[in-house]
Amino acid sequence: MAAEEEYDPLHPSQTLKLFGHADAEAKLLKAYNSDRLHHAWIISGEKGLGKATLAYMFSRFLLTRPDDEAGGGLFGEELATDDATSLYVEPEHPMMARLLAGGHGNIRIVTRKYDEKKKKIPKDIGVDQVRSLANFFNKTAAETGWRIAIIDSVDELTRNAANALLKMLEEPPEKSILLLVSHTPGRLLPTILSRCQKLPLLKLSSDDVLRVLNERFPDLDPDEADSTAKMADGSPGRAIAYVAIDGLQVYKDMLALFAQLPNLKISRLHKFADGLSAIKYEAKFDIFCAHFPQWLSTVARQRAAGDTFVEVVAGEGAVAETFADGLGVEELIAQTLKAQELIAQTQGLHLDKKQMILTLFGNLKTAFKS
């Protein structure tokens, strides 16, 4: 995060700890300790898993390690002789203030930036931003040690920008590292993929997501934190966002409407739909769109397998039992597919949000009666 940007305590650049990705951390440490650190890494996985957090952590780790070529560390410390066992850097390290403020000369961040002229954030990362990295890597370093670039995300590069990146990957400068964050690595150019080490991140356990929430929000109600961790489906970034916008309440309100079926109070449904349809509540609307079909699918899957429903909030299991008994597995699957199609149409074609919500619940009510 550049020094001139507004400080955001939840930004990955400000996150000092990483939970649940010990294997990925170990792979980076092994490469570093063996002196076979590849010049480019694709850190991949779903959004919100901590990919950018890992990239920033590894950057801080490299930039605070003693520089053996300079005969010692930046502050004259003796070179470390033991292998590093963690990417964690203590907040008290003399270089941390500069790193957290974005003021270190040996790191560059490439991401979509707000365009002052167009008054919006562009949808892509252009070729000029990537070409500026070539200048950064090729000029004489302002400081000793590694030079690092983080591209967040490489999926957003234009075709020309991707080709410019490929040239850097083909002829990497010495003591340079490219950390490429990718949400959909399968869409990247094969020539880029072939020149990078792969570092896929998996979903976290609910316990690890809960650890992230407790670290970020120590005053959060324990029951709310536990429910949010379960609701986030292995994504700490999603869990943090849910806390910030009270996403758990959207989930609870949706369940309350489910619990009323088939005798749904229309006035309550309209109130719920009105609360999600306004532009300012778009993030909450997206939460509903994600969890409505997911919940139906989960109920169908667990009934088919004979499993006990895992509750996100207390009492949810009873609602799930009512749905499974009242609709059956085949109808639950049919309703899931209908919901996914309608949600995709509404979001893709910018159709009426409130009408979509009314239709979704109307379909369920009709299915219960049939």
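Structure values in brief
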item: Yes/no for VAL313 being in a loop (DSSP other than H, G, I, E, B) and either outside the structural domain of ALA334 (by TED's automatic domain parsing) or surrounded by 15 or more Cβ atoms within 10 Å (Cβ to Cβ) (or both); result: yes
item: Checklist (1) of a type outside the set (Val, Ile, Thr); (2) without any contact (Cβ under 8 Å) to a residue 60 or more places away in the chain; (3) closer than 27 Å to LYS354 by Cα applied to ALA229, failing item; result: (3)
item: Residues of the stretch 146-203 that turn out to be among the basic types (Lys, Arg) and closer than 23 Å to LYS47 by Cβ, as a count; result: 4
item: Filter result for LEU193 (crowded, with 19+ Cβ neighbours inside 10 Å, modelled with pLDDT of 95 or more and within 21 Å of the chain's Cα centre (by Cα)); result: no
item: Selection from the stretch 296-308 of residues that are out of contact with any Leu (no Cβ under 8 Å at 6 or more places or on another chain) and under 17 Å from MET254 (Cα atoms); result: THR298
item: Neighbours by Cβ (under 7 Å, 6+ apart or cross-chain): first from the stretch 172-190, in contact (Cβ under 8 Å) with a residue 24 or more places away in the chain; second hydroxyl-bearing (Ser, Thr, Tyr) and in a loop (DSSP other than H, G, I, E, B); result: VAL181/SER153; SER182/SER153; HIS183/SER153
item: Subset of the stretch 176-232 that is among the β-branched types (Val, Ile, Thr) and touching a strand residue (DSSP E or B) at 6+ places or on another chain (Cβ under 9 Å) - its residue that is farthest from ILE107 (Cα to Cα); result: THR184
item: Among the candidates LEU358, LEU332, LEU349, residue that is in the same structural domain as HIS270 (by TED's automatic domain parsing) and within 27 Å of the chain's Cα centre (by Cα); result: LEU349
item: Failed criterion for VAL127 (all others in (1) surrounded by fewer than 18 Cβ atoms within 10 Å (Cβ to Cβ); (2) touching a Pro at 6+ places or on another chain (Cβ under 6 Å) hold); result: (2)
item: Test: residue in the stretch 270-290 that is assigned to a helix (DSSP H, G or I), within 17 Å of LYS230 (Cα to Cα), in contact with a Phe, Trp or Tyr (Cβ under 9 Å, 6 or more places away or on another chain) and touching a residue at least 12 places away in the same chain (Cβ under 8 Å); result: yes
item: In the stretch 29-69, the residues that are assigned to a loop (DSSP other than H, G, I, E, B) and either under 18 Å from ALA149 (Cβ atoms) or not assigned by TED's automatic domain parsing to the domain that holds LEU178 (or both); result: LEU37, HIS38, HIS39, ARG65
item: Among the residues listed as LEU202, LEU257, the single one being assigned to a loop (DSSP other than H, G, I, E, B) and of a type outside the set (S, T, N, Q); result: LEU202
item: Test result for THR366, under 24 Å from the mean Cα position of the chain (by Cα) and assigned to a helix (DSSP H, G or I); result: no
item: Among the candidates LYS280, LYS353, residue that is surrounded by fewer than 13 Cβ atoms within 10 Å (Cβ to Cβ), closer than 19 Å to ASP253 by Cα and not β-branched (Val, Ile, Thr); result: LYS280
item: Options ALA339, ALA324, ALA367; residue that is closer than 27 Å to GLU224 by Cα, of a type outside the set (Asp, Glu) and touching a residue at least 24 places away in the same chain (Cβ under 8 Å); result: ALA324
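The values are calculated or read from the model by the stated rules, or taken from the named source; none is laboratory data. Note that the coordinates shown come from a computational prediction; the quantities given were computed from them, not determined experimentally. So basically every Cβ, Gly included, is an ideal-geometry build from the backbone, and we count neighbours across all protein chains shown.
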